[in-house]
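Novice: One structure coming up, written as structure tokens, with questions to follow.
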Amino acid sequence: MRALPDEGVFLLACLEGYEGVRLVPGRAPITCWWPRPPDDAEWVEFLRDAGLSANLPRPQPTSLPWLEKPTQAVHVVRTRVRDGQIAEYVFYAMLVFCAGALALWLALWQLTLNRALADAQTRHAALSSQLERVLADREAAERDAAAVAELAGNEAGPEQIQLLLAVAQAGVGNGQKFTLDEWDVRNGKLRAAVRIEAGDASRVALLRALEAIEALHNVRIQVGNDTRMLVVTAELRPASVGSGA
């Protein structure tokens, strides 16, 4: 809005502060602005930046005249926001805010869900590992139980009380004392020793009483080194279990 000279170095007084200007036809102007009139050192620095000799004197500040008409058209546009537009802007702002809040909530919910899923997978892996050990222990226990049952079936035999009742039923030791000194069940065979305190035993009656026990067969009775000692040997029936007294 002010007319610039065609060429030269000037110190212009602006509406605010001062401006040094170097004008060369065909080239962009070189300027430097100061809030107050520049001193000698500041002016020399401007000349050096502009590619000029530092010996050029500092001119007096001058004001360029206003042009009656600007060299370039100036268009001033005034706008006014209607009340309806304000409400529309507020609506869209609220819509964007709600969408952002929803997206943030979904992101946090997704993170929480992923974390819970990871924890559940970790617990599931730990429980699976523990379950595998429990199942392995259970299988081992079942195998041991089967082995014990098989061994017990193979070694099944009469109970000691059955042998003693058979001795009593045979009339041995009527009114006399008798004891079981030895009892051994091993490898499908029974060996027992009965001591009678007084009198002779009827081996035939005792043999019949022992053969009546279902779990025994091939029963044999012998007299030990002591005449009061009866040694009973028999074979066990693997599939049978003593029937009791």
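The values are calculated or read from the model by the stated rules, or taken from the named source; none is laboratory data. In this text, all values refer to a predicted model and were calculated from it rather than measured experimentally. Cβ atoms come from the backbone with ideal geometry, glycine included; neighbour counts cover every protein chain shown.
Novice: Suppose we filter region 1-39 for residues that are surrounded by 13 or more Cβ atoms within 10 Å (Cβ to Cβ) and not in a loop (DSSP other than H, G, I, E, B); how many remain?
Specialist: Residues meeting the conditions: 16.
To keep it simple, each residue is scored yes or no on (1) within 60 Å of the chain's Cα centre (by Cα); (2) modelled with pLDDT under 90; (3) more than 16 Å from R2 (Cα to Cα).
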position: V21; (1), (2), (3): no, no, no
position: P25; (1), (2), (3): no, yes, yes
position: P29; (1), (2), (3): no, yes, no
position: P38; (1), (2), (3): no, no, yes
position: W66; (1), (2), (3): no, yes, no
